[in-house]
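FYI, it's all coordinate maths here, none of it is from the lab. Note that this is a predicted model, so its numbers are computed, not measured. With ideal geometry, Cβ positions are generated from the backbone for all residues, glycine too; neighbour counts draw on all protein chains shown.
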Amino acid sequence: MPGFETLAVHAGQPPDPATGAVVPAIHLASTFAQSAVGEHQGYEYSRSGNPTRHALEACVAALEGAAHGSAFASGLAAEDATLRLLDPGDHVIVGDNVYGGTHRLLAQVHARVGIRFTPVRLDDPGAVEAAWQPQTRLVWVETPSNPLMRIADIATLAEVAHRRGGRLVVDNTFATPYLQQPLSLGADVVVHSTTKYLGGHSDVVGGFVATNDRSVGERIAGLQNAVGAVPGPFDCYLVLRGVKTLAVRMERQCANAARVAAMLTEHPAVAAVHYPGLPGHPGHAVAAAQMRDFGGMVSFTVRNGEQAALAVAGATRLFTLAESLGAVESLIEHPHRMTHASVAGSELAVDPSLLRLSVGLETVDDLLADLAQALDAAG
Ligand SMILES: *Cc1c(COP(=O)(O)O)cnc(C)c1O
């Protein structure tokens, strides 16, 4: 079995047999010629199948160790397809600290067709057992979680879900398959927002579903065609291109994030730092066991409350104030008012003094100096 970096560069994309091109073509055709009715070269219509999309699907599936992979127009389209595996009356146990849009998809879209869900702290397997209902079909996990960087034990949750007759879905957007391979730890389905680390350059929106369960894989592929939330060929090309450098980007982003987390723990204006690489983080041991490294995301609270947090977010110069994450440039955001505004006021609301960083590829000393000046000015 080739190594991760080899798969990232080559899986699904051998040189083009017709031309020798070493990069997959961006196939813009919406339809494909048939030599006789029903006789074609594997492609009929680009919603149903497109060569550039297939290259991406083969590549990311290989990185997740999956037999089946389907690319979608966004991470939420991938999540929506996965939730459509359920029937009315079914119940989902979901992390109480997930991407705000995941909660909104459950609460405002799938709840209307009779899917019920219970948010639970997933770093406590006992809480998952306690929330289990006879109709529970899925456990939906994000680890590290967004924005508190809590760690859930994937193998333990898979064991609980399977013993109870359910499936485990892991949103692997924060970790990426370079750091963590949920299917090898027992998860049934992996979903991604490829908008983030897999694309890696803040220039494309996309999603992905990977699985080794044949019936799930076929159903997801069927939904991809039937519902039609497919990514365009150019978007597929951008994600394929991003994935080639995923390993080297992640390695440096993890190193930079570790330095940032260490610096924040020392700063007098900072109250708490959430980074699984810190030995004092409650999920440190589980993260060390199930991840290759601890990721490029860091969050922290400031001592002087929301106004100080807003001031820090407004005072950084190198960290750009913006939503999203996982790309080459460093970003800062205020979850309470930005990414998690849709859960403000609910039991899932996040601390208004919290800030979230996506640590990029800039020179780490420049990143540290930028944070220090912003904290000194605003803290
Ligand atoms: C961004 C994100 C999503 C949603 O993906 P989109 O591509 O924006 O639709 C889902 N999960 C996580 C963890 C994310 O960060």
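Under a Gaussian network description of the chain, with springs only between Cα atoms under 10 Å, the residue in PRO335, PRO268, PRO352 that fluctuates furthest is PRO268.
For the chain, a Gaussian network of Cα nodes joined below 10 Å ranks SER346, SER184, SER330 by mean-square fluctuation, and the top entry is SER346. Extension gain for the segment GLN108 to ARG317, taken as residue separation times 0.36 nm less the Cα-Cα distance, is 71.6 nm to one decimal. Where a ≥ b ≥ c are the square roots of the eigenvalues of the C-alpha gyration tensor, would you call the range 181-285 rounded, which needs a/c under 1.5, or, failing that, prolate if a/b is larger than b/c, or oblate? In terms of gyration-tensor shape, prolate.
Spacing of the modelled spin labels on GLU347 and GLU218, each 7 Å from Cα toward Cβ, amounts to 3.9 nm.
The residues neighbouring THR195, those whose beta-carbon lies less than 12 Å from its own, together hold a net charge of -2 under the Lys/Arg +1, Asp/Glu -1 convention. Identify which of ALA327, ALA261, ALA288 has the largest mean-square fluctuation in a Gaussian network model of the chain, with springs joining Cα atoms closer than 10 Å. Answer for the Gaussian network model of the chain: ALA288.
Using a Förster distance of 51 Å, how high is the FRET efficiency between ALA67 and ARG303, based on the Cβ-Cβ distance and rounded to 0.05? The pair ALA67/ARG303 has a calculated efficiency of 0.55.
Under the rule a/c < 1.5 gives rounded, and otherwise a/b versus b/c splits prolate from oblate, where does the range 1-98 land using the Cα gyration tensor?
Since a/c reaches 1.5 but b/c is at least a/b, the shape of the range 1-98 is classed as oblate.
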